[in-house]
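Notes follow the structure.
The values are calculated or read from the model by the stated rules, or taken from the named source; none is laboratory data. Keep in mind the model is a prediction, meaning the values are calculated, not measured. All Cβ positions, glycine included, derive from the backbone under ideal geometry; neighbour counts span all protein chains shown.
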Amino acid sequence: MKATISMIVFVLIFVIPTLQTSAFEKESIKTPEGNLIITFIGHGTLMMEHNGKVIRNSKSVDLAGIKIVAVQSYNIKNKREIENPSHPKGSGNRHVLHFGDTNIYVAGDTKKIT
């Protein structure tokens, strides 16, 4: 389990941020419950999949003793026109990884929400 935790943290902190934003780069992490696939969408956004299913808003999955929860993300103030808002509510996720008493919030592209 420690190896899996170390691999996930390493990928999230060191590998994903270095990937180019021009292509959807993917990283696969093997777990006893199946592979966790992390796709770098660009602009600091990640998509996580397990067993071919995207971990959607308010859903979670347990992998190797790590609970991954998808948390809704969106912009309150949009900088684009109304018909094409940037990061509209319901379109993106951030993820919280729970390692026992330790939680890691993977925010990606975000702004302060008051």
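Which pairs do you get when a residue that is at positive phi, found in region 30-48, comes within reach of a residue that is modelled with pLDDT of 85 or more and assigned to a strand (DSSP E or B), reach meaning Cβ atoms under 7 angstrom, with the pair 6+ apart or on two chains? Partner pairs satisfying both residue conditions: GLY34/HIS50. For the residues SER6, SER86, the requirement of being surrounded by fewer than 12 Cβ atoms within 10 Å (Cβ to Cβ), polar (S, T, N, Q) and modelled with pLDDT under 85 singles out SER6. Taking every residue in region 59-83 that is part of a loop (DSSP other than H, G, I, E, B) and of a type in the set (D, E, K, R) and pairing it with any residue that is surrounded by 13 or more Cβ atoms within 10 Å (Cβ to Cβ) and modelled with pLDDT under 70, at least 6 positions away or on another chain, the pairs with Cβ-Cβ distances below 7 Å are LYS79/SER86; ARG80/SER86. Quick check on region 16-36: of everything there that is within 15 Å of LEU97 (Cβ to Cβ) and either of a type in the set (A, V, I, L, M, F, W, C) or modelled with pLDDT under 80 (or both), which residue is surrounded by the most Cβ atoms within 10 Å (Cβ to Cβ)? Within region 16-36, the match that is surrounded by the most Cβ atoms within 10 Å (Cβ to Cβ) is LEU36.
Candidates are the residues of region 57-78 that are surrounded by fewer than 14 Cβ atoms within 10 Å (Cβ to Cβ) and over 14 Å from LEU97 (Cα atoms); the one that is modelled with the lowest pLDDT is ASN78. Going by the conditions given, is THR39 outside any strand (DSSP E or B), of a type outside the set (Phe, Trp, Tyr), out of contact with any Asp or Glu (no Cβ under 6 Å at 6 or more places or on another chain) and surrounded by 16 or more Cβ atoms within 10 Å (Cβ to Cβ)? It is false that THR39 is outside any strand (DSSP E or B), of a type outside the set (Phe, Trp, Tyr), out of contact with any Asp or Glu (no Cβ under 6 Å at 6 or more places or on another chain) and surrounded by 16 or more Cβ atoms within 10 Å (Cβ to Cβ).
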